[in-house]
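Okay, structure first, notes after.
Please treat every number below as a calculation from the coordinates, not as lab data. Not measured: the values here are computed from a predicted model. Every residue, glycine among them, receives a Cβ derived from its backbone with ideal geometry; neighbour counts consider all protein chains shown.
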Amino acid sequence: MLTLADRASGPDRRRAEQPARPEPLGRHPGSDAAQRRGPLHEWIGAKGENVWTVLTNSTGARRQPLVLQITTAGYDTDSICYRQYEHGRGVQTGEVDDARYLMHWIEAPEGADYRDPDVWKAANPSYGITVREDFYADQLTKKSEAVFRRYFLNQWVEQEDGWIEPSAWDACRGDVAISDEADVYVGVDIGRRKDSTAVVAVAMIDDKLHVRSLIRVPAPARPIAIADVRGDIAKLNGDLRLEEVIYDPFLFQESAEIARRRRPC
């Protein structure tokens with residue numbers, strides 16, 4: 001049994017002597033209860049860093065503060081949860097020197113086959129005791145690969161869900177050879193702050209689609225510059241024979257108009 005309490009007196013003393021239990025802190029992160037006990041359950045669902053900031057700031061005056069975080073893996077690498085994961089991994093490997101931070105994280109090995117029962121067992125210490133193999137086998141038929149890997153293998157994934165399985169996408173790998181004589185079509189989708197930007201060139205060669213892509217990922221406080229995307233397309237136009245550029249007008253309509261005006265007759 002884990003008891004989280006500080007040295008208190010009076011009514012607080014009586015509460016401190018009772019076993020602690022997880023309490024939701026998201027609604028009232030500055031409450032006294034949040035300052036006395038710090039269990040964070042399902043940390044992946046936390047929005048922003050307000051809870052973390054208020055909770056950790058409030059431990060300064062405590063004699064033996066303890067913040068306990070419990071969560072499964074997620075998909076948003078621009079989050080407080082992922083930054084805690086990276087910090088903890090750094091502590092585990094010795095890359096980060098932090099004697100006050102202890103992390104115990106169990107996940108399936110990177111690159112392991114998520115459909116393999118041995119992988120399920122490696123990522124779940126209670127495998128066969130509280131949760132049986134037939135449960136995982138059943139969920140494998142009902143959940144997408146990304147969801148299965150997050151919740152049952154505790155692996156971080158690149159997106160919450162997707163219309164194509166990553167394994168099916170990986171099977172399309174091959175040598176891309178687009179000559180300057182091929183008819184090339186380009187697709188453009190812009191994401192400035194929270195999503196990536198993609199410029200994808202496609203050509204049909206010998207009955208196979210050859211795809212070349214350029215992906216720009218925004219950094220915190222550094223959104224994608226649309227002028228750079230126009231430069232990417234101009235370079236493709238200089239290297240290849242572009243037949244058509246297809247784009248989502250959201251955030252790119254003005255750039256498309258600029259390109260039309262500059263296009264030689």
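Give me the three principal axis extents of segment 117-168 from the C-alpha atoms, as integers in angstrom, largest value leading.
Each principal axis gives a Cα extent; for segment 117-168 these are 33, 20, 15 Å.
Only Lys, Arg, Asp and Glu count, each charged at its Cβ (+1, +1, -1, -1), so figure out the dipole size of segment 162-265 about its Cα centre, rounded to 20 debye.
For this selection, approximately 660 debye.
How big is the gap, in Å, between the Cα center of segment 154-171 and the Cα center of segment 49-75?
One Cα centre to the other: 31 Å.
Take segment 174-262, drop everything but the C-alpha atoms, weight them equally and run the Debye formula without solvent; then report log10 I(q)/I(0) at 0.12, 0.15, 0.17 Å⁻¹ to two decimals.
The computed values of log10 I(q)/I(0) come out as -0.38, -0.58, -0.72.
Could you pull out every residue, at least 5 positions away or on a different chain, whose amide H is within less than 5 Å of the one on ILE205? Hs are placed 1.01 Å off N in the peptide plane, and Pro or chain starts have none.
So ILE205 has HN proximity to HIS210.
Using a Förster radius of 35 Å, what is the FRET efficiency between GLU107 and ALA225 based on their Cβ-Cβ separation? Nearest 0.05, please.
With R0 = 35 Å, the Cβ-Cβ based efficiency is 0.45.
Can you work out the Karplus-derived ³J(HN,Hα) for every residue in segment 65-79? Use 6.51 cos²θ - 1.76 cosθ + 1.60 with θ = phi - 60°, whole Hz, and x for glycine or proline.
x, 9, 10, 10, 10, 10, 6, 9, 5, x, 9, 8, 7, 9, 8
What residues have an amide H closer than 5 Å to that of GLY191, excluding those fewer than 5 places away on the same chain, when H is modeled at 1.01 Å from N in the peptide plane?
Under 5 Å from the amide H of GLY191 lie the amide H atoms of THR197, ALA198, each far enough along the sequence or on another chain.
Quick one: what are the phi-derived ³J(HN,Hα) couplings along segment 88-99, Karplus 6.51/-1.76/1.60 with θ = phi - 60°, whole Hz, x for glycine and proline?
Those phi angles translate into x, 4, x, 5, 4, 8, x, 6, 10, 9, 8, 5 Hz.
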